[in-house]
1. Go through the stretch 15-46 and report how many residues are within 13 Å of MET1 (Cβ to Cβ) and aliphatic (A, V, I, L, M).
2. Any residue in the stretch 30-39 that is among the aromatic types (Phe, Trp, Tyr) and in contact (Cβ under 8 Å) with a residue 24 or more places away in the chain?
3. Taking the condition in a helix (DSSP H, G or I), surrounded by 10 or more Cβ atoms within 10 Å (Cβ to Cβ) and at pLDDT below 95, does ILE6 pass?
4. Scan the stretch 23-41 residue by residue and report those that are within 13 Å of the chain's Cα centre (by Cα) and either on the phi > 0 side of the Ramachandran plot or surrounded by 13 or more Cβ atoms within 10 Å (Cβ to Cβ) (or both).
5. Taking the conditions exactly as written (within 20 Å of MET1 (Cβ to Cβ), at pLDDT below 95 and under 18 Å from the mean Cα position of the chain (by Cα)), does GLU49 satisfy them or not?
Amino acid sequence: MKASEIRDLSQEERLNKLGELKEGLFNLRFQHGVGQLESPGKLKLNKLEIARIKTIIREFELTNKDKE
């Protein structure tokens, strides 16, 4: 998901997506530990998505703080 697509989501949708990605990361880590993970690159992409969403959430927090 691109940053522009994440910015188009509402705050609630961003938090829901973040929860889904964290759950997915847990599952990927479990699969990696058991040795069933097909592509280790999925871990990296999942972490990247989580970081991207957290960055945009923080960006919106800071811009809304300045407006108050």
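1. Qualifying residue count for the region: 3.
2. Step one: of the stretch 30-39, the residues among the aromatic types (Phe, Trp, Tyr) are 30.
Restricting the remaining residues to those that are in contact (Cβ under 8 Å) with a residue 24 or more places away in the chain gives none.
Within the stretch 30-39, not a single residue is among the aromatic types (Phe, Trp, Tyr) and in contact (Cβ under 8 Å) with a residue 24 or more places away in the chain.
3. When the stated conditions are applied, ILE6 passes them.
4. Step one: of the stretch 23-41, the residues within 13 Å of the chain's Cα centre (by Cα) are 23-26.
Scanning the stretch 23-41 gives GLY24, LEU25.
5. So GLU49 fails the test.
The values are calculated or read from the model by the stated rules, or taken from the named source; none is laboratory data. For clarity, every value in this text was computed on a predicted model and none was experimentally measured. Cβ sites come from the backbone with ideal geometry, for glycine too, and all protein chains shown count toward neighbours.
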